[in-house]
Each structure stands twice: as structure tokens, then as C-alpha cells.
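Accompanying notes for the structure given below.
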Amino acid sequence: MCNPVTLTRHGNCGLVTLFSPPVNALSQPVRSGLAAAMNAALEDARVEWVLLQSGGRCFSAGADIKEFGKPPQAPLLPDVIRAIESSAKPVVAWLHGVSLGGGLELAMACHYRLAAPDARFGLPEVKLGLIPGAGGTQRLPRLIGLEAALDMILSGEPIGTREARKLGLVDGVADEGHTPEAMRLVMAAELAGQGVRPTRERELVATSEAPLAWLAAQREALTLPISGDLAPLKAVEALEAAMTHSFDKALACERELFLECLASPQRQAKVEAFLARGRDSRLLNAGGGGDAARGTTA
């Protein structure tokens, strides 16, 4: 099997390219390849910054369903994400197609994000009885604000590039009519020139005067399904942790809540129901919209 992640050098840029068709799912070989490529880029004195991109039709549709229910294999996605965010060299993500679930969590750990005009972004975990489990509930509100983050997580619906740019999820957009391949290195280099900017260190903002009271009201207003799926409540709890705890402690809380959802019979039933609908048994649909959005989530 070919290495799904490669590192090439373009001047002072280390170009890390993920390619694992059909949707660049974040399987163990991909995670391992990402970790190795980042380490190599950091050790190469000629590389001053990194551009993370993917080949094929999308950035990444998330995790690989083949790993669900199996013992976790290192490196775990949260560990890979933390290493990227902690990079001493600026890391810019180029996003095209869809960035869903774990794919978006990976992108949010990069210091800057550039997007194609028709890209889409989402955290659809709640549709499968889950919450984001690799920092999504912690980094998203630091990028777009508490209220917009909760809405995006609870709806599970993807947003387009225009809205993502307005919210602050992406830092730049390739112009219509231009070839992204010809522009992204130039655009990314401009962002990288601003230096390292870890998402975890950004201030978590809220428009509500009393954000904790607002979250409590959102929790009370939730109408839970008859199935007893608790993922929406767990999502609110994870965001409450983001408001009241240090980043590391809140991140650990998110992971615990994610694992609770992962082990729940409601989540298992949703996955089984999905597979019974005749979709590709290797991947979960995470966000709708045809083949380009067929992937997993966390």
C-alpha cells in the first residue's frame, strides 16, 4: 500500500499532501502518515512553514467507520491534531470539497485556513448519536463564537465557504475564475508570514451577556428524540466545559463525553440503520450532498 501522506518541498514550504480515496478518511495509516510528515517538516531546516492539503475530491470527510468499535490504534486523531497545532512552524490548511467531522477538526488545528469558493464545512456527529471528539467543541467556538458553534454542532448541517468566511472559520478564499493550485501557495505564504497562531490560545467569545445562562436555556429547550439519544445534551455540556475550564481540562471532558456517546446503544442503532440503507459499508454519510460528502465524522 502506498503511503497516503507525502511531504514535498517547494522553496521554504513543506507541502504535506493527504491522499486516501475516496474521501480521505482519517484512518490509522493516514494519521500515522500525517504525524510522520509533520515531524519531517519540522526537522527540515529548509522548511519554514507547512501547507496541509489533500488530493482527490475533498479535504477529508472524517474518520473511518472500519475503526468504530475496535481498540484504538495510535496515533489517535486528538494526538495528531495537538501536534499540528503545537507546531513551531506555521501550518496553513487548503480546504476544498468537504471538510467534515474529524476532517474539520484537523483543519481547525491548523494556524490558518484557506478555502475553495465551493467548499463545505460541518460537524455532523450529532446525526449519528455522537459529539465531536477531537476538539471540535473546543476549537470551533474559539473561531466562530459560542452561539454559532452550538448551532452548527446541534444542526449537524454543513455550511458553505461564504458563511464560513463571514463567521471566521476560514481566513481566506480563492477568487472565482482563478486556478487554486496557482494561488494557494502565494495566499498561504502570506498567512504563514504572520507566524504561528494556535487555535487553542484564541479567546472564546460569546454575544450573549450571560453565556452560561444562555447555554442552560438551550439545554432546557432541547427536544430529545424518543430513542433517548443524549448527544445534543452532551454537546451542550462540552461547550459549557469550554466556557468554565482550561482548554486541556475541557478537551478531556469532551473526549469523555464523546466516548460515552460512542458506547451508547442509540449511537450503535443509528450506525446500523445507516448501513442498512445500502450505503458504502466502509464509510458513513457525514453531511449529505452526494458522493463528495460520503464519509465519517469523529
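Counting only strands (runs of 3 or more DSSP E) wholly contained in region 87-192, the ones carrying 1 or more residues that are under 28 Å from A36 (Cβ atoms) and of a type in the set (A, V, I, L, M) occupy 91-95, 98-100, 112-115.
Here is a yes/no grid of residues against (1) exposed (fewer than 14 other Cβ atoms within 10 Å of the Cβ); (2) over 17 Å from the mean Cα position of the chain (by Cα); (3) at pLDDT below 70:
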residue: A241; (1), (2), (3): no, yes, no
residue: L251; (1), (2), (3): no, no, no
residue: F274; (1), (2), (3): no, yes, yes
residue: A286; (1), (2), (3): no, no, yes
residue: A292; (1), (2), (3): no, no, yes
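Could we say that A93 is buried (at least 24 other Cβ atoms within 10 Å of the Cβ) and either of a type in the set (V, I, T) or under 29 Å from R9 (Cα atoms) (or both) here? In short, yes.
I'm trying to understand the selection: among the residues of region 215-240, which are in a helix (DSSP H, G or I) and either under 13 Å from G136 (Cβ atoms) or of a type outside the set (A, V, I, L, M) (or both)? Across region 215-240, the qualifying residues are Q218, R219, E220, A231, P232, K234, A235, E237, A238, L239, E240.
Per-residue answers, yes or no, for (1) acidic (D, E); (2) surrounded by fewer than 16 Cβ atoms within 10 Å (Cβ to Cβ):
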| site | (1), (2) |
| --- | --- |
| G195 | no, yes |
| R200 | no, no |
| A206 | no, no |
| E209 | yes, yes |
| L215 | no, no |
| L224 | no, yes |
| D229 | yes, no |
| P232 | no, no |
| V236 | no, no |
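In this entry, V30 is excluded by the filter for residues that are crowded, with 21+ Cβ neighbours inside 10 Å, β-branched (V, I, T) and touching a Gly at 6+ places or on another chain (Cβ under 8 Å). R9 satisfies every condition listed in (1) part of a strand (DSSP E or B); (2) buried (at least 16 other Cβ atoms within 10 Å of the Cβ); (3) among the charged types (D, E, K, R) except (2).
The values are calculated or read from the model by the stated rules, or taken from the named source; none is laboratory data. This structure is a prediction, so every number in the text was calculated from the model and none was measured. Note that each Cβ is placed from the backbone with ideal geometry, even for glycine, and that neighbours are counted across all protein chains shown.
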